[in-house]
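Read the figures in this text as sums done on the coordinates, not as results from a lab. Model, not experiment: these values are computed from the prediction. Virtual Cβ from ideal backbone geometry, glycine too; neighbours counted across all protein chains shown.
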DNA sequence: TGTTGTTAAAAAATCGATTATCTGTACTAG
DNA sequence: CTAGTACAGATAATCGATTTTTTAACAACA
């Protein structure tokens, strides 16, 4: 067991990046709001340098917009932007799913079943939303994981974060939620059957319905 | 003319970001090399804070890799990575071109012709390579500009930068270069004729041939 | 010989303070 | 009044120095 397990000691800047990414995606900041750097310093209990480094990363990632000499702001929720993000999700995740079904091995099948199961068992009570969200994200990421393209996965993650900003701000629609949850199970079935076409169609429909829910945030 | 023309005064961090992005794409840093922060301070004549902010942005953008507690390095040139980047370029630029041809208006046609012309006239002598590269980038970006998706354009830019790191390190292949140059003109023709399928096929072939040239950098 | 431990030097990350820029408000001239 | 200007307070960006962590060199030991 001589494997050198490098201590994954995060820097302050990395921790702030992760925390703020989470908070931004989950709507803890008002859309369009100007980011008060001094406020954040207290909120996250960090100094200025690592905080600014995190903000710079978030801006390059697309979760903040940076305006030279006048700081950072949270991007607005904009109908056109949501259309764009949802459309790109359809294209890219559809593409990735096709490839994943072609490449995925037995290990993938197991992980996919596991991820779907965990998601199904998780309850969606108000106090545990964050937990559910995490499992949901993990399910979708497992689904496309073996697509074989690091860049495709990277873009998909980025789009997911953008999309979730809208979805998490939108009011829930219980009856659609039920359909969406059922689709997760159906996606797994189709993936295991290696039915590329049907799986892709279903995933695109899944994204389309989520999009309609997310629309509630910027109407 | 009361239009307030906001001075686009860049911050030091932004200027360093732009300069380093250019230098990284054009191979001014050895692949795999560890970035010596103190060296860069002198090289770009800036202080530590703006420099680090620029490095953080570049890492989020994918032109540097960040390893916690041990700084930044220039990503290696890796055959698999190039395959991935080229493959994604084919997919995304193909998609974008189809949409651009459907959406592009007369103004686009003019700009496209202009961009192609400027590129054709530019000479590729060793001293003016940077200039040629800039026109080349601009041509490809004009080609897909009216695709209607901000995110798609963003991803394409990112992939272009990645791809060019490889291509600029590869030895030139004059006879392929001739074919590639000719294809630029043919792309314009097909785009103006609104021949979606043929244009897409040609663009994919164009990328494929460029890829074969770029391969010379990591064999 | 090879492994482990110690420590000095180097490099990265962070802090505290300073400088530059912007923003809003009050004031002035037309 | 209205447009423009000047100033003060607030905010952003940057600097210089400090702290923390890693790297490398070398010695002690099995």
Given label points at 7 Å from Cα along Cα→Cβ, what nm distances, shortest first, separate residue B:178 from the same residue in every other copy?
6.9
Inter-copy spacing of residue B:150 label points, which lie 7 Å from Cα along Cα→Cβ, given in nm from shortest upward
2.9
Geometric extent, Cα atoms of region B:69-124 - Rg, Dmax (angstrom)
17.7, 53
Could you state the number of Å between the C-alpha centres of region A:16-87 and region B:65-109?
24
Rg/Rh for the protein assembly as shown, where both radii come from Cα atoms and Rh is the Kirkwood radius:
0.96
What average number of partner chain Cβ atoms lie no more than 10 Å from the Cβ of the residues making up B:45-57?
3
What is region A:79-217's relative contact order, in percent, from Cα pairs under 8 angstrom and six or more apart in sequence?
40
Compactness of chain B - radius of gyration and Dmax, Cα, Å
18.7, 58
Classify region B:82-180: rounded, prolate or oblate, from the alpha-carbon gyration tensor (a ≥ b ≥ c, eigenvalue square roots; a/c under 1.5 rounded; otherwise prolate if a/b is larger than b/c)?
oblate
What's log10 of I(q)/I(0) for region B:12-73 at q = 0.15, 0.20, 0.24 Å⁻¹, Debye sum over Cα points only, no solvent?
-0.37, -0.69, -1.05
Over region A:12-73, what is the relative contact order in whole percent, taking alpha-carbon pairs under 8 Å and six or more residues apart?
43
Any idea what angle helix A:174-192 forms with the longest principal axis of chain A, computed on alpha-carbon atoms, 0 to 90 degrees, nearest 10?
60
Per residue of B:145-152, other chain Cβ atoms within 10 Å number on average 4
Taking the label point 7 Å from Cα along the Cα-Cβ vector, the copy-to-copy distances for residue A:137, listed from shortest in nm with one decimal, are 3.1
With runs of 4+ DSSP H residues as the only contributors, calculate the mean residue ellipticity of chain A at 222 nm using -39,500 (n - 2.57) per run, divided by the residue total and rounded to the nearest 500.
-23000 deg cm²/dmol
Roughly speaking, what % of Cα-Cα pairs in region B:1-118 are separated by over 16 Å, rounded to a whole number?
72
